[in-house]
Amino acid sequence: MNYNKKTVKDIDVAGKKVLLRCDFNVPQDKATGAITDDKRIRAALPTIQYLLDQNAAVIACSHLGKPVATFDSYVKKQAEKGKDPASITEEEWKKSLAKLSLAPVAKRLSELLGREVIMAADVVGPDAQAKAAALKPGQVLLLENTRFEKGETKNDPALAKAMADMAEVYVSDAFGAVHRAHASTAGVAAYLPAVSGFLIQKELEIIGGALANPKRPLVAILGGSKVSSKIGVINNLLEIADTIIIGGGMTYTFLKAQGGSIGKSLLEADWLDYCNDMMKKAKEKGVKLLLPEDTICAKEFSADAEPILVDSMNIPDDCMGMDIGPKAIAAYADAVKDAGTVIWNGPMGVFEFPAFAKGTQAVAEALSNSSAITIIGGGDSAAAVQQLGYADKMTHISTGGGASLEFMEGKELPGVACLLDA
Ligand code: ADP
Ligand code: MG
């Protein structure tokens with residue numbers, strides 16, 4: 001697919017102030033706040049480095065986690081969790097915000113860039129305004145967590161304009177947030193020339209290319225926990241793929257729809273008819289839709305439950321499906337062996353428990369041995385591939401779980417649609 005949006009290379013940024021939306025929504029250790037994976041910070045470096053090489057002044061911004069932006073809503077949220085509203089203090093709320101400060105990101109970014117990153121105490125408040133005004137070409141400023149502003153998730157035009165007023169050009173490189181129309185991801189583009197950075201370009205070229213003009217056969221591996229969250233993807237990929245492989249928790253709704261006994265396995269009863277429709281549609285279109293012939297199940301959902309191998313259509317009443325079995329592994333590995341392109345979204349089983357990670361591991365192994373273009377979308381799938389040690393064997397691991405999912409569903413991404421056409 002030809003990427004059809006302007007990028008930083010198509011616009012003059014020399015000596016200019018550039019507002020750069022990044023996805024610095026990094027995982028942190030709950031107790032210490034330490035960043036446990038800096039992949040997303042690293043993924044932003046090529047664009048930041050390019051802007052600095054062009055002598056731009058970079059005003060970076062991002063959200064982090066889900067802070068509650070006002071004390072009132074904080075009290076409401078805590079009360080919903082069963083806390084006595086009268087006992088909730090403003091101090092407690094401020095502490096919850098401090099935990100989601102981007103200061104640790106500024107520190108890590110500074111280490112990675114080998115230069116100072118100035119941290120602002122707010123997003124569009126007096127500190128940010130003063131520091132942005134004083135920022136010189138070649139310098140980097142990081143604004144505070146955009147979600148500290150209540151207008152962010154509401155895409156408030158006043159917030160978007162206040163952010164835009166600090167800069168002359170807007171560059172978005174926050175692929176992980178492009179599926180959201182927020183003030184800093186989309187709203188701001190109404191007030192500044194808006195282009196993408198290299199990460200968004202790369203994500204859309206690779207995933208978009210695989211969807212629009214795949215090297216065939218195109219095999220889609222779909223797993224994860226719920227059918228309901230993957231309906232859009234299954235539906236869209238049925239139009240494009242040659243083979244669809246089903247695994248993970250959503251398998252059992254398919255199996256039940258086909259008349260199988262699934263015991264205590266995950267079931268979304270509302271989607272039984274849908275699963276049958278999908279099977280029918282696949283048949284009509286000549287798409288191979290593979291379900292696992294065998295299943296590893298367990299009597300309880302726990303890491304040390306005993307793995308029991310059964311026929312997928314006959315899961316005992318007191319058991320739940322936890323992973324695909326060896327016959328399914330062999331069939332799935334065979335299906336990807338000669339693939340031209342493989343798109344994988346959703347683990348094959350409860351990979352967080354080592355006893356039930358074999359299916360996910362075997363699929364990762366099969367992908368790593370195949371000469372196909374291999375694309376991993378989905379946050380948990382990306383984590384599984386990383387955790388199992390196959391990350392550097394894949395063509396592309398998306399940095400945006402939700403964004404890649406919506407893109408694979410064929411939906412428009414507001415954070416991309418708002419950028420200038422090439
Ligand atoms: P992704 O983030 O890659 O899109 P999902 O969020 O849809 O994937 O699903 C990931 C989750 O699905 C994992 O936490 C995994 O434990 C769970 N899962 C996979 N197989 C099963 C199963 N058989 N039963 C219950 N949960 C499952
Ligand atoms: Mg997930």
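See the values below:
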item	result
Hey, Thr32 at pLDDT below 95 and of a type in the set (Ser, Thr, Tyr) or not	yes
Boolean, Leu218 is open to solvent by less than 10 Å² (accessible area, probe 1.4 Å) and hydrophobic (A, V, I, L, M, F, W, C)	yes
Positions within region 285-310 being open to solvent by 70 Å² or more (accessible area, probe 1.4 Å), over 18 Å from Leu218 (Cβ atoms) and of a type outside the set (A, V, I, L, M, F, W, C), in sequence order	Glu293, Lys299, Glu300, Asp304, Glu306
Qualifying residue in region 233-252 (condition: closer than 26 Å to Phe353 by Cβ, open to solvent by 20 Å² or more (accessible area, probe 1.4 Å) and at pLDDT 95 or above)	no
Selected residue (criterion: farthest from the chain's Cα centre (by Cα)) from residues of region 388-416 that are at negative phi and without any contact (Cβ under 8 Å) to a residue 12 or more places away in the chain	Asp392
Residues located in region 362-387, provided they are within 13 Å of ligand 1 (Cβ to nearest atom), of a type outside the set (Gly, Ala, Ser) and buried (at least 18 other Cβ atoms within 10 Å of the Cβ)	Val363, Ile375, Ile376, Asp380, Val385
Matching option when the condition is away from ligand 1 (no atom under 14 Å from the Cβ), among the β-branched types (Val, Ile, Thr) and either outside the structural domain of Gly151 (by TED's automatic domain parsing) or touching a residue at least 24 places away in the same chain (Cβ under 8 Å) (or both), among Ile200, Ile221, Ile231	Ile200
Subset of region 173-202 that is among the hydrophobic types (A, V, I, L, M, F, W, C) and assigned to a loop (DSSP other than H, G, I, E, B) - its residue that is surrounded by the fewest Cβ atoms within 10 Å (Cβ to Cβ)	Ala181
Check on Ile329, touching a strand residue (DSSP E or B) at 6+ places or on another chain (Cβ under 7 Å) and among the hydrophobic types (A, V, I, L, M, F, W, C)	no
Val342 within 20 Å of Asn235 (Cα to Cα), touching a strand residue (DSSP E or B) at 6+ places or on another chain (Cβ under 7 Å), among the hydrophobic types (A, V, I, L, M, F, W, C) and more than 12 Å from ligand 1 (Cβ to nearest atom)	yes
Scope region 30-50; condition part of a loop (DSSP other than H, G, I, E, B), open to solvent by less than 60 Å² (accessible area, probe 1.4 Å) and not acidic (Asp, Glu); matching residues	Gly33, Ala34
Residues of region 368-387 satisfying the condition of being more than 16 Å from ligand 2 (Cβ to nearest atom) and part of a loop (DSSP other than H, G, I, E, B)	Ser370, Ser371, Ala372
Top-ranked residue in region 325-361 [being of a type in the set (A, V, I, L, M, F, W, C), surrounded by 24 or more Cβ atoms within 10 Å (Cβ to Cβ) and part of a loop (DSSP other than H, G, I, E, B); ranked as farthest from ligand 2 (Cβ to nearest atom)]	Ala339
Any hit, region 398-419, residues being surrounded by fewer than 18 Cβ atoms within 10 Å (Cβ to Cβ), more than 14 Å from ligand 2 (Cβ to nearest atom) and over 30 Å from Asp10 (Cβ atoms)	no
Meets criteria (closer than 28 Å to Lys9 by Cα, buried (at least 18 other Cβ atoms within 10 Å of the Cβ), of a type outside the set (Asp, Glu) and within 16 Å of ligand 2 (Cβ to nearest atom)) for Met394	no
Unmet requirement for Ile262, which otherwise passes all of (1) within 16 Å of ligand 1 (Cβ to nearest atom); (2) β-branched (Val, Ile, Thr); (3) out of contact with any Lys or Arg (no Cβ under 6 Å at 6 or more places or on another chain)	(3)
Members of region 217-265 that are basic (Lys, Arg) and away from ligand 2 (no atom under 16 Å from the Cβ)	Lys256, Lys264
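Every residue, every condition in (1) in the same structural domain as Gly260 (by TED's automatic domain parsing); (2) under 25 Å from Glu239 (Cβ atoms); (3) at pLDDT 95 or above; (4) of a type in the set (Lys, Arg), yes or no:
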position: Asn314; (1), (2), (3), (4): yes, no, yes, no
position: Gly321; (1), (2), (3), (4): yes, no, yes, no
position: Ala330; (1), (2), (3), (4): yes, no, yes, no
position: Val336; (1), (2), (3), (4): yes, yes, yes, no
position: Pro347; (1), (2), (3), (4): yes, yes, yes, no
position: Gln361; (1), (2), (3), (4): yes, no, yes, no
position: Ala372; (1), (2), (3), (4): yes, yes, yes, no
position: Gln386; (1), (2), (3), (4): yes, no, no, no
position: Pro414; (1), (2), (3), (4): no, yes, yes, no
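The values are calculated or read from the model by the stated rules, or taken from the named source; none is laboratory data. Note that this is a predicted model, so its numbers are computed, not measured. FYI the Cβ positions are ideal-geometry reconstructions off the backbone, even for glycines, and counts take in every protein chain you see. For accessibility, only protein heavy atoms count, side chains too; no ligands or nucleic acids. Shrake-Rupley method; radii C 1.70, N 1.55, O 1.52, S 1.80 Å.
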